Ligand SMILES: C[S@@+](CC[C@H](N)C(=O)[O-])C[C@H]1O[C@@H](n2cnc3c(N)ncnc32)[C@H](O)[C@@H]1O
């Protein structure tokens, strides 16, 4: 990872993106308590990719909860910034600029949320801590970094919530339950900090295996629908001692687990 303060920190990577790809992450952010609490609801979409589509969708979903939310899309590739500006001309509440992990924001403003989706997956695992530290240093004191990965059409998504102190708090796995064969599919899309840790002896491996086991055991209630089956599996995980959070979101095919239960050894 380049570390030159006069130019954006990081390196351009493939710009793959797509309509509705990040809907699961957007909805989770829109409902996050931090968005209700902050005075300045500025949200950064870092590494938005080859088009303005996901920052614009993020803005629309945030505004359903926080009508004064603003999105600043940052991208290390200047051509992508220019294209996004053209695509968003005349739309209020969204702007675009060149920037990297140093998260340049005009004036003295600090973001409440930084979303960095499908950005770090093209870096090395050893780059993650420094990238988190740089991004988190820019947050409001109560702000969060949401860093993760998803598949091309957003049916499998995982992300880590990191606090302004750069300490990770939780891992969320969010899956489209209709036609879901195995939740272990999430292992292919874990954030960079965890994807190489899906091996015996690591906590995240045990979590994904437990999730898969309980989903299989809950097959008996499958006739009541996949959401019922997922909730049954979630109750079993909680009963087994996994520290699950935000249980009200289980119905969406989500599970959020405290970081210390999955962090690398
Ligand atoms: C695969 S695309 C992801 C696009 C979008 N976030 C999504 O998930 O659909 C990754 C983008 O991140 C950009 N990128 C990589 N490193 C970056 C950095 N340090 N700062 C800003 N953008 C970066 C790349 O140029 C690329 O356009």
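The values are calculated or read from the model by the stated rules, or taken from the named source; none is laboratory data. Only a predicted model underlies this, so the values are computations on that prediction, with no experimental measurement involved. Neighbour counts are summed over all protein chains in view; Cβ atoms, including those assigned to glycine, are modelled from backbone coordinates with ideal geometry.
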Worksheet item: Which ones in region 131-153 are within 14 Å of the ligand (Cβ to nearest atom) and under 14 Å from residue 29 (Cβ atoms)?
Response: 145, 146, 147, 148, 150
Practice prompt. Considering each residue of region 213-245, count those that are under 27 Å from residue 32 (Cβ atoms) and touching a residue at least 12 places away in the same chain (Cβ under 8 Å), and give that number.
Written response: 17
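Could you list, in sequence order, all residues of region 129-139 that are part of a loop (DSSP other than H, G, I, E, B) and surrounded by fewer than 19 Cβ atoms within 10 Å (Cβ to Cβ)? Before the answer, list the steps.
Just the residues of region 129-139 that are part of a loop (DSSP other than H, G, I, E, B), to begin with: 137-139.
137 - this is the single residue of region 129-139 that is part of a loop (DSSP other than H, G, I, E, B) and surrounded by fewer than 19 Cβ atoms within 10 Å (Cβ to Cβ).
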Item to complete: State all residues of region 152-205 that are in contact with a helix residue (DSSP H, G or I) (Cβ under 8 Å, 6 or more places away or on another chain), crowded, with 16+ Cβ neighbours inside 10 Å and part of a loop (DSSP other than H, G, I, E, B); if no residue qualifies, say none.
Response: 154, 164, 166, 177, 180, 190, 191, 197, 198
Fill in: Subset of region 60-113 (residues that are touching a helix residue (DSSP H, G or I) at 6+ places or on another chain (Cβ under 6 Å) and under 17 Å from residue 8 (Cα atoms))
73, 75, 96, 98, 101, 102, 103
Practice prompt. Search region 97-128 for residues being outside any loop (DSSP other than H, G, I, E, B) and under 23 Å from residue 32 (Cβ atoms), and hand back the single one that is nearest to the ligand (Cβ to nearest atom).
Written response: 117
Practice prompt. At least 3 residues that are more than 12 Å from the ligand (Cβ to nearest atom) and within 12 Å of the chain's Cα centre (by Cα) in each: list the helices (runs of 4 or more DSSP H) lying fully within region 22-68 that qualify.
Written response: 23-30
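Do the conditions hold for residue 77, that is, is it out of contact with any strand residue (DSSP E or B) (no Cβ under 6 Å at 6 or more places or on another chain), at pLDDT 95 or above and either within 12 Å of the ligand (Cβ to nearest atom) or not assigned by TED's automatic domain parsing to the domain that holds residue 147 (or both)?
yes
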Item to complete: Would you mind stating whether residue 265 is outside any loop (DSSP other than H, G, I, E, B) and surrounded by fewer than 20 Cβ atoms within 10 Å (Cβ to Cβ)?
Response: no
Discussion item. Against the condition modelled with pLDDT under 95 and under 30 Å from residue 250 (Cβ atoms), how does residue 189 come out, does it pass?
Written reply: no
